[in-house]
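> What follows is a structure written as structure tokens; I'll ask about it next.
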Amino acid sequence: MANQQQAPSPDPDGEASERPLTLAVLRRLVREDWKGLPGDTLVVLSRDAEGNLYSPFSTYSHSRYAPTHSELVGDVFPLPEELQADQSLRELYADGIPDTALPALVLYPLG
């Protein structure tokens, strides 16, 4: 949802979002792209569209995460800078973002 980005990989056919994120790419992301993030940044795993919970990851986003009914499930919200830059997001979240929302990396499955 928020600031969704494709994991870096060669994409000659423009179909990278349909490819799984490999361990090599994940290692590169952690070592290079995410090295400046605070160590207490949450990593949130999103369910796949089919609900089978076993799809490979393909994309990620820098977002905020807030638990809803327990510490084990929650919702993802845009970052403050995304809200500032996008009027439609400000309208969508007119009631605000929960104070419990923390910075997170959200990993999304293929789908």
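> Go through 96-104, 36-44, 69-77 and give me the packing order, highest mean Cβ count within 10 Å leading.
Details: 96-104: 14.2, 36-44: 10.8, 69-77: 12.6.
Descending packing order for the listed peptides: 96-104, 69-77, 36-44.
> Just to check I understand the Karplus step: with θ = phi - 60° and J = 6.51 cos²θ - 1.76 cosθ + 1.60, what whole-Hz values come out for the range 87-95, glycine and proline as x?
Result, ordered by residue: 4, 5, 5, 4, 5, 4, 10, 4, 7 Hz.
> Using packing as a proxy for protection, rank 60-67, 78-85, 49-56 so that the peptide with the highest average count of other Cβ atoms within 10 Å comes first.
So the order, starting with the most tightly packed, is 60-67, 78-85, 49-56.
> Pop the C-beta distance of Leu72 and Asp95 into the FRET formula with R0 = 35 Å and round what comes out to the nearest 0.05.
0.90
> Whose amide H sits under 5 Å from the amide H of Leu21, counting only residues 5 or more places off or on another chain, with H placed in the peptide plane?
Residues meeting the amide H criterion: Phe57, Ser58.
Every number in this text was worked out from the coordinates using simple rules, so none of it is lab data. Just so it is clear, the structure is predicted and the values come from calculations on it, not from any experiment. Quick reminder, even Gly has a Cβ in these numbers, built from the backbone with ideal geometry, and neighbours come from all protein chains shown.
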